[in-house]
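So the structure is just underneath, and the comments pick up after that.
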Amino acid sequence: MTVLDPPQSTARRWLGHVARHRVAATLGFLVLFPLIVPYEALAANILVLGLYALGFNLLFGYTGLLSFGHAAFLGSGAYGCGIALVHFGVGWFGAILIGTALATLVAAVIGFLAIRTRGIYFAMVTLALSMCVYYAFYQMEPLTGGENGLRGVNLQTIGVFGFQLSFLNPTVKYYVLLAFVGVAIWLFSRLLASPFGAVLEAVRENENRARACGYDVAATKLVAFVISGAFCGLAGALNALHLSIVPIETLHYTTSGQVVMMALLGGMGTFFGPFVGAATFLLLQDVLSVLTQHWQLYVGIVFILFVLFFPRGIWGSLLDRFGPR
Amino acid sequence: MTAASDVILATEGVGKNFGGFQALRDVSVEFRRGKLTAIIGPNGAGKSTYFNVLSGAFPPSTGRILFEGRDLSRARPHSFARAGIAKSFQITNVFPELTAQENVRVAIQAVHRRFELFRHRRAFPELYDEADRLLASVGLGDRRLRRARELAHGEQRSLEVAMALACRPKLLLLDEPTAGMSPEETREMMGLIERLAAERTVILVEHKMKLVMGLCQRLIVLHHGELLAEGTPDDIRANDEVRRVYLGQGAH
């Protein structure tokens, strides 16, 4: 077949490269990211919550399921990691694994119950179940610190291959977190490119057709739900180490709402969108909260404008405008 | 009596209720292997309900469905596809944002790579080759990299047929395959169905009786949710009751 490429603009060619090498491009960007953000703690916030939005996007953008309960996975990951570290003296690496595993387990239970429903009912069931998780952790005060949150998740130094790194140094901390986020991004990209990733898209596009092809739609959704929970759990575990505390608000439904906003702002169903969304949300919060205590009002207005005029989000709209066809 | 192996699909006393409404009542039919059978009937005869029961979309309220002797009455919808029953829908039902090639490739993948998580989909080039071959066979070879939603209506229907063929079905079910098509597209689709039927068992639902008379070998006529008549096109043409039902409707 001889198809002549139309003359491409520089922007389009450039975005074409980004889309083809999405892992390398995303990592490259995140490596340089602290240089363009006002301070490193904010960069680390964006990094960790970007991973949270990435995990959420597997379900929302790629499978077409809107969950309003993802705080449960971010929170279980954070508490799992924090409790292992504070109460059981587990090493930092083991604590991250425990947090992620706990979130995966919680996702399996919630997912098992929620995938029987669809649309708005799915959103409501995930919301209700995540609030159950909230109250469970709230009540287990000896273990979780109750409404004060889990304090004392202090990590002074971490040993990596025999080197002792100071986790109090924000630059070191950022790049340690990035190492985990980087592996997660790579795994995520592999997953999307796999045959299973194709099934997720098929389920999003047309459940009935996927079923008629012979796919077990319910099982596919459950697997996607659990994997999404695992990514969010890893984000939670990293967040606990980053903040040195697990606030009970991590599990609150407003945290579930936040990730929906981040995904929509950045561009649902795009690879890089969740990080763009997390960055936009947190930068807006950072700048506006200095100027006014009603910063949420302005973030809300920005969000509404985006939903109305750029439903594909920032990154999605850029790809539409300049992206490879 | 036909030998058991001649019967690919059978329904025994199948009924379907929706709330208080009985859409199908006691339908017992044996579908012969290798034949092109059409299910016809006037509007509201229960054709689509029967099709949905045959394809696994709804479980029957009463009775049994036997596919190659296996009872599928309580099987979940995706099991029908895995058993070897493929269908195309009355309303075009594709994956709109995916390319035509990916639509078919995903359908082929359903046969053996359902939960492959850690390898690249490009690692299975044979699936792409087969998708291209199937697309070419339904006349979409040069449209394969288009998104499904960019295709014309008739092309989308052909794409659906290619997707239905992807799992190498033993039985192909088509629900009003020419619905909403132009006369020219209808002719092409009928030609395609004839070619497909030469190699496998096909059951199709059709509202327009004229269209199928010259094409199929067996006809099932439904009326008010019940089996009215069954036989060759000549039998059906000569059947007084069928004539009354169709003419009665035409007289309005």
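The values are calculated or read from the model by the stated rules, or taken from the named source; none is laboratory data. Remember, predicted model here, so these are calculated numbers, not experimental data. Reconstructed Cβ throughout: ideal geometry from the backbone, glycine too, with neighbour counts over all protein chains shown.
Just checking, does region B:227-247 include any residue being touching a Phe, Trp or Tyr at 6+ places or on another chain (Cβ under 7 Å) and assigned by TED's automatic domain parsing to the domain that holds B:Val29? So far as region B:227-247 goes, no, none of its residues is touching a Phe, Trp or Tyr at 6+ places or on another chain (Cβ under 7 Å) and assigned by TED's automatic domain parsing to the domain that holds B:Val29. When B:Pro177 is tested against (1) crowded, with 22+ Cβ neighbours inside 10 Å; (2) at pLDDT 90 or above; (3) in contact with a Lys or Arg (Cβ under 8 Å, 6 or more places away or on another chain), just one condition goes unmet, and that condition is (2). Scanning region B:74-111 for residues that are more than 9 Å from chain A (Cβ to nearest Cβ), farther than 14 Å from B:Leu165 by Cβ and in contact with a helix residue (DSSP H, G or I) (Cβ under 9 Å, 6 or more places away or on another chain) yields a total of 5. When A:Val48 is tested against (1) in contact (Cβ under 8 Å) with a residue 24 or more places away in the chain; (2) farther than 16 Å from A:Ile227 by Cα; (3) in a loop (DSSP other than H, G, I, E, B), only condition (3) is not met. Residue check: A:Val290 meets all listed conditions (1) surrounded by fewer than 15 Cβ atoms within 10 Å (Cβ to Cβ); (2) under 24 Å from A:Leu65 (Cα atoms); (3) of a type outside the set (Ser, Thr, Tyr) but one, namely (2).
Residue-by-condition table, conditions (1) β-branched (Val, Ile, Thr); (2) surrounded by 15 or more Cβ atoms within 10 Å (Cβ to Cβ):
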{"residue": "B:Phe95", "(1), (2)": "no, yes"}
{"residue": "B:Val106", "(1), (2)": "yes, yes"}
{"residue": "B:Arg113", "(1), (2)": "no, yes"}
{"residue": "B:Ala136", "(1), (2)": "no, no"}
{"residue": "B:Ala152", "(1), (2)": "no, no"}
{"residue": "B:Gln156", "(1), (2)": "no, yes"}
{"residue": "B:Val161", "(1), (2)": "yes, yes"}
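Residues are listed down the side, and each one gets a yes or a no for (1) without any contact (Cβ under 8 Å) to a residue 40 or more places away in the chain; (2) more than 15 Å from A:Gly55 (Cα to Cα); (3) small (Gly, Ala, Ser); (4) not in a helix (DSSP H, G or I):
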residue: A:Thr255; (1), (2), (3), (4): no, no, no, no
residue: A:Met262; (1), (2), (3), (4): no, no, no, no
residue: A:Leu284; (1), (2), (3), (4): yes, yes, no, no
residue: A:Leu288; (1), (2), (3), (4): yes, yes, no, no
residue: A:Gly300; (1), (2), (3), (4): yes, yes, yes, no
residue: A:Leu305; (1), (2), (3), (4): yes, yes, no, no
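Scanning region B:38-96 for residues that are over 14 Å from B:Lys170 (Cβ atoms), in contact (Cβ under 8 Å) with a residue 40 or more places away in the chain and among the small types (Gly, Ala, Ser) turns up B:Ala38, B:Gly41, B:Gly44, B:Ala45, B:Gly46, B:Ser48, B:Ser61, B:Gly63, B:Ser88.
If you go through region A:191-212 one residue at a time, do you hit one that is touching a strand residue (DSSP E or B) at 6+ places or on another chain (Cβ under 8 Å), within 11 Å of chain B (Cβ to nearest Cβ) and within 30 Å of B:Arg76 (Cα to Cα)? Yes, that holds for at least one residue. Looking only at region A:131-144, filter to residues that are free of Cβ contacts under 8 Å to residues at least 60 places away in the same chain and not aliphatic (A, V, I, L, M); which one of those is nearest to A:Ala107 (Cα to Cα)? Result: A:Cys132.
When the criteria are applied in full, A:Gly94 meets the requirement of being free of Cβ contacts under 8 Å to residues at least 60 places away in the same chain and either assigned to a helix (DSSP H, G or I) or within 16 Å of A:Asn239 (Cβ to Cβ) (or both). Looking at A:Val217, A:Val226, which one is more than 19 Å from A:Gly94 (Cβ to Cβ) and at pLDDT 95 or above? Exactly one residue qualifies, and that residue is A:Val226.
Scanning region B:112-146 for residues that are outside any helix (DSSP H, G or I) and more than 10 Å from chain A (Cβ to nearest Cβ) returns B:Val138, B:Gly139, B:Leu140, B:Arg146. Can you say whether A:Gly266 is crowded, with 19+ Cβ neighbours inside 10 Å, small (Gly, Ala, Ser) and touching a residue at least 12 places away in the same chain (Cβ under 8 Å), as far as the supplied structure shows? Spelling it out, A:Gly266 is indeed crowded, with 19+ Cβ neighbours inside 10 Å, small (Gly, Ala, Ser) and touching a residue at least 12 places away in the same chain (Cβ under 8 Å).
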